[in-house]
Amino acid sequence: MSATATLVTPTDAKGRPQRKIAPGESAFDRTRRRSYRLFVAPALIVFAAVLVVPTLFSIYTSFTQWAGTGPMEFVGFDNYVRMFRNPIFISSMWNTFLIVVGVGIIVYAIAFALTLVLQNTFGRKAIRSIIFFPTLIPGIVISVLWGFLFNPDGLVNSFLKTLGIAEPPAWLGSQLIFPTIMLGLAWLSVGTYTVILLAAADRIPKEYYEVADLAGASAFQRFRYVTLPLMWDLVSVTAVLWCVGALKTFEFLLLFSSSAGTLPSTDIWNIAIYSYAQAFPTNGIAKFGAAAACGVVMLLLALALTILARRVMRSDDIEY
Amino acid sequence: MTHTTRVLASVGVFATAALVITGCSTDAGNGGGDGEKNDTLRYMSYWTEGEPTSDIMKEAFDAFTEETGIKVDVTWQGRDLPNVLTPLLTSSNPTVDMVDFGCAGVGSSLVATGKAADVSSVLGEEVPGEGKTVEETLSADALATGQFDGATYCLPFEMTSNFDIWYNAAEHPDWADGAPTTWSEFMDLVGETGKGSVALDGTIQPYASAWYINLAVSATGKGGLLEAAQDETGKAFEAPEFLAAAEAAAELAGTGAFADGFAASKFPAIQQKWANNDAALILNGSWLPAEVAPYAAEGFEYSSFPFPALEKGDIQPMQIDTIGFSAIEGAAGVDNAKKFMAFFLQKGYQDEIGQIAVPARTDATVVDSLASVQAALANPDVVKVAANDGTGAAVPAWGQEVFDPLAQKLVLGELAPKDFISQLVQKQKEWYELQG
């Protein structure tokens, strides 16, 4: 597109600037260049209607008190002030942080370890399918299965008892339920991230590993100095995906720790559950203003985490 | 992009957005305009299609249409009805005429937002073919749950008794006549049946906190807990009755009364233990027999007795909740809704409801597994109180955000009674400050 570098701006008879025309550009080229707008417009309209407008509406709603029906009363920053003074919101933020960072570390540690192990393992395609399997299971099934595993009489404790542990942990008790949930979330996600990382690792030319072998590198050194740098871009992208996805964790928490008609204990709420509880309380009037304020905070957090993850994991492009 | 194209694109974007936003509030073509005969009842149900109650309703819809010519346009929305309903009510011309829902929930949502129509006039209507008015046929206790500020906004057709003590009458036939009426008698019975004889899915907060709620209501009387919950300083909970109730509640975990796993099980694991005779007693609602039937031990005979009084002279509380019909304020088919309400309270339909739940009519027959509940409802010595003593409707979110987490810890033995009271007082004060 070097022609665009020498654009001239012609003027009309009154000296007003006219459309920029690239020298040598035919009418057909011009029409073709403009025609993309026609194709982009429908998508742009739908995007604006279902995403941009509702987002702007949510931001506006966050400054109001609204029950979802009846008048909207403008209350300024009141919803935000109340939210940040509410200890339940603060503990929800902390739980969200634990999921994003704590579970994230677990997921990446296991995914890297599995990538390291599986990269040259015989039958890795089959193993890859097996570890990806939890991702395919609906949340409701996972919830039932997890309860079955971690019930006091469940498989995990039965196994621990066979090892001689007479008083196995109360996994679903108030002390351990959140760590158990974190474990469940990690289990659900490890497969996906391992498969993505393995796919990136598979694209690395074999020659690099041969050179590493000749230099006497250990398996870990091969991973550290060959695999990791060459798939760092993908790790960076998946880190952003993880942050945004983990921030919005909802289904597993709700299904795992509540029953029909009830919400989970406030001790294990994250900000997504907090927002849901404001919009759809078990009793009482919906607080859509408060729910929207929480949604705006989630949006800002997602933006901040995305920028942070991209900056922290920024590296020079490596071509191979 | 020319100026004209830009303008058209902008108009397109905003027109589409406007359509999306207002899409929910367009009139669905009810044909209910001025001077036009409205022969449709648009009904959104708390049930999903295929549930036993929905089958009874379908039968009633057909008969209603045949008799009145009013066609019922039903949406089987299920339990997320409130979430779906709210956006539909933003229009001044609602697209739903009638819903069925928990009456307490109607009070705290539809009534509070002015979206429930006053259906008090139905009380004086005759139940078709029976020569009795709606008010004469309904249980007064059930009816009261749908009345707010002196008007009726929810007309109940089904009741639940939320927290009575359930047992297997085949295993303990003598308990029906010798049921404990005081807490000390109850603890004696628990002691006789041995450690681990009380089933509790303690990870479900309302199940755990129900023990304390019943004890506190017993000690303070009907409305006592509600009054304390409305005290913005929280100090009302420093009354000795609340501490005595807390000490009684703590006895259960303290004496090893609960079945193993009570504090860390996935619902309904412990309820299943009870249904398999691995625990003798459980505090639960009138929905229990239907819920455990698929996995209960063979020959299980469901029976219950009312919650005992904390001390002799205190009340034996029975928390009742109802599901009923509400009409939507401003909807075109409110009159049709009122006609259906009276129609559905015919004894035939109530008898059918009695095969799956407790009917709102006192004279309806019920299935054997609910006979003990119906007997307790008719017993004047048992004091009927609203679910959670009415706190759910009057102080929404208080249970979830203040009371339940602490009461759960108390009952599970994770919080001492005195600490429970002091933390409740403090937390309640802070909560009210936050509400502004």
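The values are calculated or read from the model by the stated rules, or taken from the named source; none is laboratory data. Bear in mind the structure is a predicted one, so any value in this text is a computation, not a measurement. With ideal geometry, Cβ positions are generated from the backbone for all residues, glycine too; neighbour counts draw on all protein chains shown. Surface areas here come from the heavy atoms of the whole protein model, side chains and all, with no ligands, DNA or RNA. Shrake-Rupley method; radii C 1.70, N 1.55, O 1.52, S 1.80 Å.
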Under a 1.4 Å probe, counting only protein heavy atoms, A:ASP29 has an accessible area in Å², nearest 10, of 50 Å²
Tilt of helix B:334-344 relative to the longest C-alpha principal axis of chain B, in degrees (0 to 90, nearest 10)? 40 degrees
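For the pairing of chain A with chain B, what total accessible surface becomes buried, with a 1.4 angstrom probe, in square angstrom to the nearest 100? Walk me through the intermediate numbers first.
Details: alone 19510 and 18810 Å², together 35040 Å².
Buried surface at the A/B interface: approximately 3300 Å².
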Take each of the peptides B:248-258, B:278-288, average the number of other beta-carbon atoms within 10 Å over its residues, and list them starting from the highest. B:278-288, B:248-258
Measure of size requested: the Rg and Dmax of the protein assembly as shown, with Cα atoms as the atom set and Å as the unit; please supply both. 31.2, 108
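Sort A:ASP267, B:ASP389 from largest to smallest accessible area, using a 1.4 Å probe on the heavy atoms of the protein chains.
Values: A:ASP267 75, B:ASP389 10 Å².
In descending accessible area the options line up as A:ASP267, B:ASP389.
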5 Å is the cut-off here: which amide hydrogens, built 1.01 Å from N in the peptide plane, fall below it relative to B:LEU41, excluding neighbours closer than 5 in sequence? B:LYS71, B:VAL72, B:ASP73
Which residues in segment B:376-413 have a backbone N closer than 19 Å to a point placed 7 Å from the Cα of B:GLU433 along the Cα-to-Cβ line? B:398, B:401-403
For segment A:281-299, list whatever residues lose no less than 40 Å² of accessible surface once every protein chain is in place, relative to that chain by itself, with the probe at 1.4 Å. A:ASN283, A:GLY284, A:ILE285
One finds the C-alpha centres of segment B:363-426 and segment A:136-173 to be spaced, in Å, by 30 Å
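What FRET efficiency do you get for A:MET182 and A:PHE39 if R0 is 45 Å and r is their Cβ-Cβ distance, rounded to the nearest 0.05?
Numbers: r = 45 Å, r/R0 = 0.99.
So the FRET efficiency works out to roughly 0.50.
With the alpha-carbon atoms as the only input, what is the per residue convex hull volume for segment A:173-227 in Å³?
Values: hull volume 4.5 nm³, N = 55.
Spread over its residues, the Cα hull of segment A:173-227 gives 82 Å³ apiece.
For segment A:29-84, what is the accessible area per residue in Å² when the probe is 1.4 Å?
Details: 3660 Å² over 56 residues.
Per residue, segment A:29-84 has an accessible area of 65 Å².
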Set of aspartates and glutamates near B:LYS58 by C-alpha distance (under 12 Å), chain-local residues within fewer than 8 positions excluded: B:GLU49, B:ASP73
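Would you mind telling me the share, in percent, of accessible area of chain A contributed by carbon and sulfur at probe 1.4 angstrom? Please report the intermediate quantities before stating the final value.
On the way: 12330 of 17900 Å².
Carbon plus sulfur share of accessible area: 69 percent.
In segment B:44-141, what percent of the accessible surface is made up of carbon and sulfur (1.4 Å probe, ligands and nucleic acids excluded)? Present the calculation step by step, with values, prior to reporting the outcome.
Numbers: 1850 of 4000 Å².
Accessible surface attributable to carbon and sulfur in segment B:44-141 totals 46 percent.
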Please list, ordered by chain and number, the residues whose modelled amide H lies under 5 Å from the amide H of A:THR64; skip anything fewer than 5 residues away on the same chain. A:VAL75
Dividing the mean separation of Cα pairs under 8 Å (6+ apart) by the residue count of segment A:213-320 yields a relative contact order in percent of 30 percent
Rel. contact order, % - alpha carbon contacts under 8 angstrom, at least six apart, chain B: 25 percent
In nm, to one decimal, how far is the modelled label at A:GLN175 from the one at A:PHE132, with both set 7 Å along Cα→Cβ? 4.1 nm
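Can you work out the accessible area per residue across chain B, with the rest of the protein chains kept in place, probe 1.4 Å, in square angstrom?
39 Å²
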Per 20 Å bin, what is the whole-percent P(r) computed from every C-alpha pair distance within chain B? 24, 50, 22, 4, 0
Given H placed 1.01 Å from N in the peptide plane, which residues other than close sequence neighbours of B:PHE148 have an amide H under 5 Å from its amide H? B:TYR153
Ranked output for segments B:210-217, B:298-305 by mean other Cβ atoms within 10 Å, highest leading, reads B:210-217, B:298-305
Reduced to Cα centres, the span from segment B:60-74 to segment A:180-194 in Å works out to 51 Å
State, to one decimal in nm, how far the label point of A:PHE122 lies from the label point of B:GLN355, with both points 7 Å from Cα in the Cβ direction. 6.4 nm
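Need one value for B:397-404: mean number of C-beta atoms belonging to other chains within 10 Å of its residues' C-beta atoms. Let's see the in-between values first.
Values: counts 9, 2, 4, 11, 6, 2, 0, 5.
Across B:397-404, the average partner-chain Cβ count within 10 Å equals 5.
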Among A:LEU149, A:LEU198, A:LEU163, whose mean-square fluctuation peaks in a Gaussian network model of chain A (Cα, cutoff 10 Å)? A:LEU163
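Can you give the net charge of the other residues whose Cβ lies under 14 Å from the Cβ of B:GLU171, counting K and R as +1 and D and E as -1?
Numbers: positive: B:LYS273; negative: B:ASP174, B:GLU192, B:ASP278, B:GLU298, B:GLU301.
Once positives and negatives cancel, what remains is -4.
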Give the carbon-plus-sulfur fraction of the accessible surface of segment B:363-436 in %, rounded to a whole number; probe 1.4 Å, heavy atoms of protein chains only. 52 percent
Under a 10 Å cutoff between Cα atoms, tell me which one of A:ARG34, A:ARG222, A:ARG124 has the largest fluctuation in the Gaussian network model of chain A. A:ARG34
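Counting heavy atoms of the protein chains only and a 1.4 Å probe, report the per residue accessible area for segment A:167-225 as a whole number of Å².
Details: 3150 Å² over 59 residues.
Counting only protein heavy atoms, the per-residue value for segment A:167-225 is 53 Å².
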One checks the Cα atoms of segment A:16-155 and finds Rg and Dmax, in Å, of 26.8, 83
Once phi is turned into θ = phi - 60°, what whole-Hz ³J(HN,Hα) does the Karplus curve with 6.51, -1.76 and 1.60 give for every residue of segment A:96-113, x standing for Gly and Pro? 5, 4, 4, 5, 5, 8, x, 5, x, 4, 4, 4, 5, 4, 5, 5, 5, 4
Cα-Cα over 26 Å, subset of B:LYS409/B:LYS429; A:LYS287/B:LYS429; A:LYS125/A:LYS161; B:LYS222/B:LYS347; B:LYS222/B:LYS338: A:LYS125/A:LYS161; B:LYS222/B:LYS347; B:LYS222/B:LYS338
Tell me the relative contact order for segment B:357-433 as a rounded percent, counting alpha carbon contacts under 8 Å between residues six or more apart. 16 percent
Tensor-based shape of segment B:265-367 (alpha-carbon gyration tensor, a/c under 1.5 rounded, otherwise prolate or oblate): prolate
Going by a 1.4 Å probe on protein heavy atoms, which residues of segment B:187-205 end up with at least 20 Å² less accessible surface in the whole assembly than in their chain alone? B:THR203, B:ILE204, B:GLN205
Those residues in segment B:112-137 that give up at least 30 Å² of accessible surface, probe 1.4 Å, once the partner protein chains are present instead of the chain by itself are B:THR113
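For a test of the definition: using alpha carbon positions, the gyration tensor, and the 1.5 limit on a/c, classify chain A as rounded, prolate or oblate.
On the way: a/c = 2.72, a/b = 1.19, b/c = 2.28.
Judged from the Cα gyration tensor, chain A comes out oblate (a/c at least 1.5, b/c at or above a/b).
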